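Trainee: Shown below is the structure under consideration.
We did not get these values from a lab; they are worked out from the coordinates using the rules stated. This is a predicted model, so every value here is computed, not measured. With ideal geometry, Cβ positions are generated from the backbone for all residues, glycine too; neighbour counts draw on all protein chains shown.
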Amino acid sequence: MILRVLWAFLLPLFFFSCRGERPEPIRLGEDVCEYCKMVIADERFASEVITKKGRVYKFDAIECMVGYYNENEEDIKRAYVVNFLNPKEFIPAEEAMYVRSPDIRSPMGMNLSAYRSETEAKKAIEGKKGEILNWTSLREFIKKEYRFSH
């Protein structure tokens, strides 16, 4: 009897604690960027953050997500970016490698794209202008260069 009551109490807690761990699919043309309020039209540049309270915020460009992240880091549990080469795949933002290249045009103009590995990032800019950034250098770059007031 005690075991049954314990399970009845613990099972909902387990499911509640797991909620908000995974990104949600992007609904093109419906989801709106939390930062700049533009409709998400190109999933290759999309990203998301999940707050410690389990709320999911979606972004149309990596720079919007990083700008939001930099301003609200203490409230964020996880951040994800879409793999530019596989737009249905989310990558934890801290693990991704980023390319900034004028040859890969993004919605907000900073021309940032995300990749699963440094090898993929290098291939993306092979023969093109651009630079590769990790999560730390990307955050610093956005702090210095992204000027968006909302």
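Trainee: Find out how many positive minus negative residues lie around Glu48, taking Lys and Arg as positive, Asp and Glu as negative, among other residues whose Cβ is under 13 Å from that of Glu48.
Mentor: Net of charged neighbours comes to -1.
Trainee: Also: Work out the FRET efficiency for Asn86 and Lys129 from their Cβ-Cβ distance, taking R0 = 25 Å, and round it to the nearest 0.05.
Mentor: 0.60
Trainee: Starting from the amide H of Val32, placed 1.01 Å from N in the peptide plane, find each other amide H under 5 Å away whose residue is 5 or more places distant or on another chain.
Mentor: Those qualifying (amide H under 5 Å, at least 5 residues apart or on another chain) are Ile40.
Trainee: Points 7 angstrom from Cα along the Cβ direction at Lys52 and Lys77: gap in nanometres?
Mentor: 1.2 nm
Trainee: Please turn the phi angles of the range 129-137 into ³J(HN,Hα) values with the Karplus equation 6.51 cos²θ - 1.76 cosθ + 1.60 (θ = phi - 60°), one per residue in order, whole Hz, x for glycine and proline.
Mentor: 7, x, 9, 10, 10, 9, 4, 5, 5
Trainee: Work out the length of the dipole vector of the range 21-145 about its Cα centre, built from +1 on the beta-carbon of each Lys and Arg and -1 on the beta-carbon of each Asp and Glu, and round it to the nearest 20 debye.
Mentor: 100 debye
Trainee: For a footprinting-style exposure proxy, rank Ile132, Ile40 by other Cβ within 10 Å, fewest first.
Mentor: Ile132, Ile40
Trainee: I need the calculated FRET efficiency for the pair Glu43 and Glu95, taking r as the beta carbon distance and R₀ as 22 Å, to the nearest 0.05.
Mentor: 0.70
Trainee: Which entries of Lys58/Lys128; Lys88/Lys123; Lys58/Lys143 have Cα-Cα distances beyond 22 Å here?
Mentor: Violating the 22 Å limit, Cα to Cα: Lys58/Lys128.
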